[in-house]
């Protein structure tokens, strides 16, 4: 798996407000990463895909399910702009959005870190990796 690279942009000016964000879901929202982030940091798009390293991502991805965000660290995030259902897992693969997965071209602001989320067991993680390896088709970017 490609290394997970994430852009951290310190807030210099006001970026988006919750009142301006669309409301597909009220959250809270989560993003999983290896990065050690601080409250107020911004996550941005524009980096290599975790699943297809040849693809530069146009969006930053997040979920409303804390266990769906699982990586080494899970952060509570706040969208700073509009977001949409993640077409890689909604309608194309599952009717509707049962995974509550979203993406945005606008930054996500770190609100807090979640420390009590349930990590996948080694068996669950292996099953997840196997399913990812068998996914055919392009990333909808």
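The values are calculated or read from the model by the stated rules, or taken from the named source; none is laboratory data. Everything numeric here is computed off the predicted structure, so don't read it as measured data. In this analysis, Cβ positions are derived from the backbone assuming ideal geometry, glycine residues included, and neighbour counts consider all displayed protein chains.
If I filter region 48-65 for residues that are in contact with a helix residue (DSSP H, G or I) (Cβ under 9 Å, 6 or more places away or on another chain), in contact (Cβ under 8 Å) with a residue 60 or more places away in the chain, in a loop (DSSP other than H, G, I, E, B) and under 17 Å from residue 34 (Cβ atoms), do I get at least one hit?
Checked region 48-65: at least one residue is in contact with a helix residue (DSSP H, G or I) (Cβ under 9 Å, 6 or more places away or on another chain), in contact (Cβ under 8 Å) with a residue 60 or more places away in the chain, in a loop (DSSP other than H, G, I, E, B) and under 17 Å from residue 34 (Cβ atoms).
Identify, please: which residue in region 97-140 is assigned to a loop (DSSP other than H, G, I, E, B) and more than 23 Å from residue 75 (Cα to Cα) and is, among those, modelled with the highest pLDDT?
Here the answer is 140.
Between residues in region 68-97 that are at positive phi and residues that are at pLDDT 75 or above and assigned to a strand (DSSP E or B), which pairs lie under 8 Å by C-beta distance while being six or more apart or on different chains?
Filtered contacts from region 68-97: 91/85.
So which of 26, 41 ends up being more than 14 Å from the chain's Cα centre (by Cα), at pLDDT 80 or above and either surrounded by 19 or more Cβ atoms within 10 Å (Cβ to Cβ) or within 26 Å of residue 124 (Cβ to Cβ) (or both)?
One residue alone meets the criteria, 41.
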